[in-house]
1. Name every residue in region 93-127 that is within 25 Å of the chain's Cα centre (by Cα) and aliphatic (A, V, I, L, M), in order of residue number.
2. Just to verify a result, which residue in region 1-35, among those that are of a type in the set (Ser, Thr, Tyr) and over 15 Å from residue 50 (Cβ atoms), is nearest to the chain's Cα centre (by Cα)?
3. Return the pairs, sorted by first residue and then second, in which the second residue is surrounded by fewer than 16 Cβ atoms within 10 Å (Cβ to Cβ), the first residue lies in region 19-41 and is without any contact (Cβ under 8 Å) to a residue 12 or more places away in the chain, the beta carbons are less than 9 Å apart, and the residues are 6+ apart or on different chains.
4. Evaluate the following for residue 80: is it outside the structural domain of residue 52 (by TED's automatic domain parsing), within 27 Å of residue 55 (Cβ to Cβ) and over 16 Å from the mean Cα position of the chain (by Cα)?
5. Give all pairs with beta carbons closer than 8 Å in which a residue from region 122-141 that is free of Cβ contacts under 8 Å to residues at least 24 places away in the same chain meets a residue that is of a type in the set (Asp, Glu); count only pairs at least 6 apart in sequence or on separate chains.
6. Among (1) closer than 25 Å to residue 11 by Cβ; (2) among the aliphatic types (A, V, I, L, M); (3) in contact with a Leu (Cβ under 7 Å, 6 or more places away or on another chain), there is one condition residue 48 misses while meeting the rest; what is its number?
7. Given 16, 25, 70, 8, which one is outside the structural domain of residue 91 (by TED's automatic domain parsing), touching a Leu at 6+ places or on another chain (Cβ under 6 Å) and among the β-branched types (Val, Ile, Thr)?
8. Yes or no: region 2-9 includes at least one residue that is of a type outside the set (Phe, Trp, Tyr), under 26 Å from residue 94 (Cα atoms) and either at pLDDT 90 or above or not in a strand (DSSP E or B) (or both).
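The values are calculated or read from the model by the stated rules, or taken from the named source; none is laboratory data. What you see is a predicted model, and the numbers here were worked out from it, not measured in a lab. Because the Cβ atoms are built from the backbone with ideal geometry, glycine has one as well, and the counts that use them run over all protein chains shown.
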Amino acid sequence: MDSDKRIVTAEEFRLVDEKGRSRAVITIRGGGEPAIGFFGKDGRRRAIFGLRDDGTPAIGLYDKNGHERVKLEMKEDGAPAIRLSEGKGEHRMEVEVNSTGEPCITLRGGNGEKLIGITIEKGQSANLSFYDENGEIKARLA
């Protein structure tokens, strides 16, 4: 135990409201990485900030039903990404910078299938791609 009275050491810290409901939690997740979670009065998660098992950071924002709607993350290769989801958790729009540093925007259908992609290749040319139901490019404007 640390003898410094200014330090609190714990594996988990819970902030509760006047009714004893957990509203915020600082914890170490099952994979050994830290996370901070915020919960509504109904007990549903509303925001999570933490490190995933591979050590990359992620922020999740949840709607009133507890479904993740926005995710801001760093991928394993260090590339940033923002993912926007509909009410059931399917990613519908992604904005990211890929591993080669090129920006991409992807629009997805209701089942998660890629429908439209916008990319800047080699920092020079813009591409607009339309995909079929199998994820194959059916038309491309460059």
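1. Listed by number, the residues that qualify are 93, 95, 97, 105, 107, 115, 116, 118, 120.
2. Here the residue is 22.
3. If the second residue must be surrounded by fewer than 16 Cβ atoms within 10 Å (Cβ to Cβ), the pairs left are 19/41; 30/53.
4. Taking the combined requirement at face value, the residue does not satisfy it.
5. From region 122-141, the pairs are 122/102; 123/102; 127/121; 131/113; 133/113; 135/113; 138/132.
6. Unmet condition: (3).
7. 70
8. Within region 2-9, none of the residues are of a type outside the set (Phe, Trp, Tyr), under 26 Å from residue 94 (Cα atoms) and either at pLDDT 90 or above or not in a strand (DSSP E or B) (or both).
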